[in-house]
1. Counting only residues that are over 19 Å from G82 (Cβ atoms) and within 16 Å of the chain's Cα centre (by Cα), give me the strands (runs of 3 or more DSSP E) lying completely in the stretch 114-233 with at least 2 of them.
2. From E121, E147, E139, which residue is without any contact (Cβ under 8 Å) to a residue 40 or more places away in the chain and more than 30 Å from Y105 (Cα to Cα)?
3. I'd like to check something: does the stretch 96-112 contain any residue that is open to solvent by less than 60 Å² (accessible area, probe 1.4 Å) and closer than 23 Å to K206 by Cβ?
4. Only one of these is in contact with a helix residue (DSSP H, G or I) (Cβ under 7 Å, 6 or more places away or on another chain) and either touching a residue at least 40 places away in the same chain (Cβ under 8 Å) or open to solvent by 10 Å² or more (accessible area, probe 1.4 Å) (or both): F68, F50. Name it.
5. For the stretch 189-223: of the residues being free of Cβ contacts under 8 Å to residues at least 40 places away in the same chain and within 16 Å of V36 (Cβ to Cβ), which is most open to solvent (accessible area, probe 1.4 Å)?
6. Out of all the residues in the stretch 176-196, which are more than 28 Å from L12 (Cα to Cα) and either touching a Cys at 6+ places or on another chain (Cβ under 9 Å) or hydrophobic (A, V, I, L, M, F, W, C) (or both)?
Amino acid sequence: MKLMSFNTQHCLNYLEQKVDYEIMARAIEECGADIVGLNEMFDEAEGAKFGAQTARLSELTSLKNHFFAKAIDDFEGPYGNGLLTKYKIESAESIIIPDPCPREYPGGFYETRCLLKARLENGLTVIVTHFGLNPDEQENAVKTIVENMAPRKCIVMGDFNMEPDNPILNPIMQGLQDTAKFFSTYKLSFPSDTPKVKIDYIFVSKDLKVEYADIPEIISSDHRPHVATIELE
């Protein structure tokens, strides 16, 4: 089973700077993913600039089950995380990450974020998220993940806006496997044309066998996708 974490920047073609669903769909199909976590996605709403982007990518790929989890109502439409999967989604919800109060970094950019939490027909719990930029937001995000992740058959993925040596990640690193440990060499994910940092992740519970992981050299969004192949018991 192949997993993919992909921040699409609302399906914006990084090199051409235009919304391009086809290039995002090609990236997903090229990676051969069975479960895809999507970040920075818009959904449909009256008067919104963008349509239902997660549903659109589902139409253009072989992954016909999808769910959108709203974090905020942006001025251009509902905005959050998405899930594409070949497996039936038995249940799914958007879980809001609490905003820091008070804010420890008043000069920083703050934005409400969420977890997309889904239960699939094969027993997997999948959590897709996109962390904020400030440490207090990130601490709240980690706490929310730990409260919601399952002890078995669990996948957590997304753009965490933190590099792997950040100690805020420790509770997740201790509870789950970081699939990046299975890279053939150290890989970076952002920006996609000349990556300088690794801020995208796929974590899995310790009962899942990781066979392979990679950050392929795909330039479609501003992030390169992160992929991993796992085996269910």
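1. Details: elements: 114-120, 125-130, 154-159, 200-204, 209-214, 226-231.
Output list reads 209-214.
2. Values: E147 fails: more than 30 Å from Y105 (Cα to Cα); E139 fails: more than 30 Å from Y105 (Cα to Cα).
Only one candidate passes the filter, namely E121.
3. Within the stretch 96-112, not a single residue is open to solvent by less than 60 Å² (accessible area, probe 1.4 Å) and closer than 23 Å to K206 by Cβ.
4. Working: F50 fails: in contact with a helix residue (DSSP H, G or I) (Cβ under 7 Å, 6 or more places away or on another chain).
Only one candidate qualifies: F68.
5. So the residue we want is D214.
6. Listed by number, the residues that qualify are L176, F182.
Matching residues to (1) part of a strand (DSSP E or B); (2) touching a strand residue (DSSP E or B) at 6+ places or on another chain (Cβ under 7 Å); (3) in contact (Cβ under 8 Å) with a residue 60 or more places away in the chain; (4) open to solvent by 10 Å² or more (accessible area, probe 1.4 Å):
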| residue | (1), (2), (3), (4) |
| --- | --- |
| M4 | yes, yes, yes, no |
| Q9 | no, yes, yes, yes |
| G37 | yes, yes, yes, no |
| E46 | no, no, no, yes |
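The values are calculated or read from the model by the stated rules, or taken from the named source; none is laboratory data. For clarity, every value in this text was computed on a predicted model and none was experimentally measured. Don't worry about glycine lacking a Cβ; one is built from the backbone with ideal geometry, like all the others, and counts go over all protein chains shown. These area figures cover heavy atoms from the full protein model, side chains too; ligands, DNA and RNA do not enter into them. Shrake-Rupley method; radii C 1.70, N 1.55, O 1.52, S 1.80 Å.
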